[in-house]
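The values are calculated or read from the model by the stated rules, or taken from the named source; none is laboratory data. Values in this document were obtained by computation on a predicted structure and should not be read as measured data. When we count neighbours, we look across all protein chains shown, and the Cβ atoms used for this are built from the backbone with ideal geometry, even at glycine.
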Amino acid sequence: MKKRSAMRLFLVLAVSVLLCVGCAKKPASTMEEGYGSGEAAAGSGELGTPSYGAIDESAIGEGGAGADKIPGMGDDISALERVYFEFDQYTLTAEARDILARNARFLQANPGIKVIIEGHCDERGSDEYNLALGERRSRAVQSYLTSLGIPPSQMSIISYGEELPLEPGSSEEAWAKNRRAEFKQAR
Amino acid sequence: MAQNKMVFHPAAGNADSGFGRMVFASLVAHALVVVLFSGLWLPAARTIDRPVYYVDLVNLPVERPQAGRPDGAKAEPQKSEKAAPKEEKTVKPAPAPAAEKVQVAPPKPPPVKEKAPEVKVPVKEAAPEKKAPAEKKAPPKAKPKTVEKDYQSVLSAVEALRAKKEQEQAKSSRKAQIEELKNKLAAMTAQDSRQAGAGTGAPLGMADGSGDQAGPSFDLWLYTYVRSNWSLSKYQLSRQDLEAEIHVVYDQNGNLIRKKLTRSSGDAVFDRSVEDAVLKSQKLPKAPGQRMEFEIIFNLKDLLEKN
Amino acid sequence: MRFFLLCLFTLILFPLSGFGFQIEVRSPGQQAIPLAVTTFVPLEGNPPAEVIREFHEVLSGDLDFSGLFRLVDPDAFLSDAGRVGLESGQVDFDQWRILGAQALIKGGVFFNGSQVTVEARLYDVLRRRLLTGQRYSGAAGDVRTMAHAFADQVLKAMTGELGPFKAKIAFISDKTGRKELYLMDVDGHAPAQLTDHRAIVLNPDFSPRSKELIFTSYKTGNPDLYRKEIYTGREARISSRKGLNIAGRYRGDGRAVALALSQDGNSEIYLIGTGGDIHKRLTRNWGIDVDPSWNPDGDKIAFVSDRLGNPHIFVLDIFSLEERRISFGGKYNATPAWSPQGDRIAFSRLEGRTFDIYTVRPDGSDERRLTFGAGNKEHPRWSPDGRFLVYSSDESGKKAIYIMRADGSGRQRISSPGGNCLHPAWSPRW
């Protein structure tokens, strides 16, 4: 008997407390239109859901096969395949390891070919952090190839971070294609 | 009584566990209350410690406010006979003050008091010195209903004088612009929804009023007046937890005779802004009939809460 | 006992009686200072109307953006606006009081065919006196700089500290097809290309003492750190170690640079001299350490590390090498920027699917979100007075540069369309 009324009392208390406390509204930051030259951006002031699919992005002359080369960049080398990475990761997937095993065989068969291993990231996040992450990726590939017997002198690494995407755009597919390490032949 | 609570019946398991459960439930409920109200989990409840009244500065303060609300409705318009002849007088020396009356009752005369302090008449080079005393005498807060009567006569007088002034092109075009601006302002004021709580049906007075006069109390009126004269941007400050105190004394005619910064906020910009606010409030529109002293505390607590 | 109670009672009630003793005003009735900015009058030599108009537009824009003021409608201006007399005895302050203006700016312009001289004055309408007056001389093309300089002075008169409007903003743009370094005014005017590396240029930082910038460039194939003098164009490569030489940031005294090097196999933060020689290695762990930002005293650095699995912001003491985590929310926190006042650190955080800008105290408390809505807002940097932030956002489809007040309000775009504009930096007041 006492137990039940005690529980009831507790419930009533809990519910009434919850009702009293309520929710405080967070002030939405106000955004005003600017006076500056150029397009004025229309911003929403509330927490909104971004519409990623709608953004149209076109790469400008960078990256991609056949585009102007960055100084020091090697030549494309079709025999060596790219490997891809998960977001914010530099560990090699099983699939990546298979690809690298094949690449290793090519490199062993052609000891005269020196390669540059480039590390790349998708466009999300800090550019500097992505430079470091890209380097991590290329280093991971280099270590793995070393463990497969490729002499370190045959490889060098460089990171381009998010600077040279393979695929422009802001979709999951584009991002997945850009998180990569690829091989160029050193000149 | 202690006995009841403390009695143990080791043999009777039910009562024992029932008591134990009650204690546990009580403890949990208490803890829940503490946690919920501490703001750790859910946002802390805001307590509003005093009601916020909108006192329209047009409603002059009174010594013995009646029972009512400071934003209540006025019973009947006070017929100030003084206002009418003043208007006639001021029409002649300069058409400008008349323009002000026009503004008071524009196309649709609003049963509304306009914002008194800021909206004054544009000065004309024609008669600046004449106009100044005239302005002082004719309180800009003329009651709308009396002005409505004079509206037509005033309007025709304005028209006549305006035709005269039309020759000086630059000046008249200026006036037209100002007219437009004043009309805009009056129209905006008419739409101002922060009107007297006419819906409540309360007369104009104070909640704790027990007098016989319709109007807010002097301290509430002064609070609104000083606040409206206090301009400060939060971007001038690096902190918002500032507070300053000024001691002011008004004589029986409503003139500020003494002001002293009794507590500085430590920030020169903040101090200067509150002194400016008091300076702008140096003349009360109505003689209080006796000397009044106030400690006015200025802080930014309302801004802090909003953050 | 009763007497005591009566006294107590009276004391309690006293404040409530009659002409209340105490009034508490808890916020200003006007939270912006009403300011009237008149169009300056031509005084001599027939200055071009364009010059006068431009000065007015730039000055009004800066003061409006500052957030301190509410600009009074110029249509309401009266005869005194056109009056030539600028001495405070000659200004008809009553007119301005009627309009509700509390501050007034008037001025005059002289022209001798090639040289423009502007006299600008800020008045306190209530006290009827001059608050600050300046005279500027220069070519007609420099009139915008004059207006920015006066805006800085106005802020100093109103708050005690100079504004940042005369400074410059450096940024990266790819409108030529390659990421190069540019410089523009704080309002986005006159962007000028500074580098022609035809590779990838990234992340500039201004020297606090001299008019130079450091930045990273792939000009020779490797991300190396370069230093460039802005107005002579002289350039030097100061760190070209193996691997990354990125995210260079000058210390407040201008005598050292923090940057991320990966020469030891992992991206770590180092302290180097302005000539490039390594003074000290500052981080030592297996994770990525990058993105350093100095505090104004030059003894602490905020930086990004993923040693805990994903990128968070840490604060490091240069001398003790003690590190402390200060970001706890979100899964990706980056681009920290320590304010010149030292009291807050701005950074960007991935929230959901986009990045937004936050600020936090250096001890990690009092985190506040500044930006909302669509688009990625990244790379915040502070103005030298700590009142404003510049950052990049791609909400319009392409990355563009925006400025806003430090509380997140008043944001506006300043970079012109055409290409992506990113990695902004706000110069010191030279």
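Annotations
Each row is one residue, and each column tells you yes or no for (1) within 14 Å of chain C (Cβ to nearest Cβ); (2) charged (D, E, K, R); (3) over 28 Å from C:LEU422 (Cα atoms).
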site	(1), (2), (3)
A:GLN89	yes, no, no
A:LEU107	no, no, yes
A:ASP122	yes, yes, no
A:TYR144	no, no, yes
A:SER147	no, no, yes
A:ILE150	no, no, yes
A:GLU162	yes, yes, no
A:GLY169	yes, no, no
A:TRP175	yes, no, no
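- Some residue of the range C:183-198 being touching a Leu at 6+ places or on another chain (Cβ under 6 Å) and farther than 30 Å from C:GLY67 by Cβ: yes
- Qualifying residue in the range B:289-306 (condition: more than 11 Å from chain C (Cβ to nearest Cβ) and either of a type in the set (D, E, K, R) or in contact (Cβ under 8 Å) with a residue 60 or more places away in the chain (or both)): no
- Selection of the range C:236-253 for residues being outside any loop (DSSP other than H, G, I, E, B) and surrounded by fewer than 18 Cβ atoms within 10 Å (Cβ to Cβ) yields C:ALA236, C:ARG237.
- Yes/no for C:ARG97 being in a helix (DSSP H, G or I) and basic (Lys, Arg): yes
- Scanning the range B:238-255 for residues being within 11 Å of B:GLN282 (Cα to Cα) and exposed (fewer than 13 other Cβ atoms within 10 Å of the Cβ) gives a total of 1.
- Qualifying position, being crowded, with 19+ Cβ neighbours inside 10 Å and either in a strand (DSSP E or B) or of a type in the set (D, E, K, R) (or both), among C:LEU35, C:LEU86: C:LEU35
- Flag: C:ILE169 matches the condition of being under 24 Å from C:ARG405 (Cβ atoms), within 14 Å of chain A (Cβ to nearest Cβ), not in a loop (DSSP other than H, G, I, E, B) and not acidic (Asp, Glu).
- Of the strands (runs of 3 or more DSSP E) lying entirely inside the range C:179-233, those containing at least 1 residues that are among the basic types (Lys, Arg) are C:224-229.
- Given (1) part of a loop (DSSP other than H, G, I, E, B); (2) within 30 Å of C:GLU161 (Cβ to Cβ), index of the condition C:ILE313 fails: (1)
- Within the range C:382-406, the set of residues being among the charged types (D, E, K, R) and more than 8 Å from chain A (Cβ to nearest Cβ) comprises C:ASP385, C:ARG387, C:LYS399, C:ARG405.
- Complete set of residues in the range C:38-75 that are among the aliphatic types (A, V, I, L, M) and not in a loop (DSSP other than H, G, I, E, B): C:VAL41, C:LEU43, C:ALA49, C:VAL51, C:ILE52, C:VAL58, C:LEU59, C:LEU63, C:LEU71
- Taken as a whole, the condition of being touching a strand residue (DSSP E or B) at 6+ places or on another chain (Cβ under 9 Å), aliphatic (A, V, I, L, M), within 13 Å of chain A (Cβ to nearest Cβ) and crowded, with 21+ Cβ neighbours inside 10 Å does not apply to C:ALA425.
- Extreme residue, nearest to C:LYS166 (Cα to Cα), among residues of the range C:400-415 that are modelled with pLDDT of 95 or more and assigned to a loop (DSSP other than H, G, I, E, B): C:ILE414
- Restricting attention to the range C:161-194, the residues that are without any contact (Cβ under 8 Å) to a residue 40 or more places away in the chain and either among the polar types (S, T, N, Q) or not assigned by TED's automatic domain parsing to the domain that holds C:PRO384 (or both) add up to 1.
- When each of B:LEU232, B:LEU220 is tested for being surrounded by 14 or more Cβ atoms within 10 Å (Cβ to Cβ) and either more than 27 Å from C:LEU131 (Cα to Cα) or more than 7 Å from every other protein chain (Cβ to nearest Cβ) (or both), the lone residue that passes is B:LEU220.
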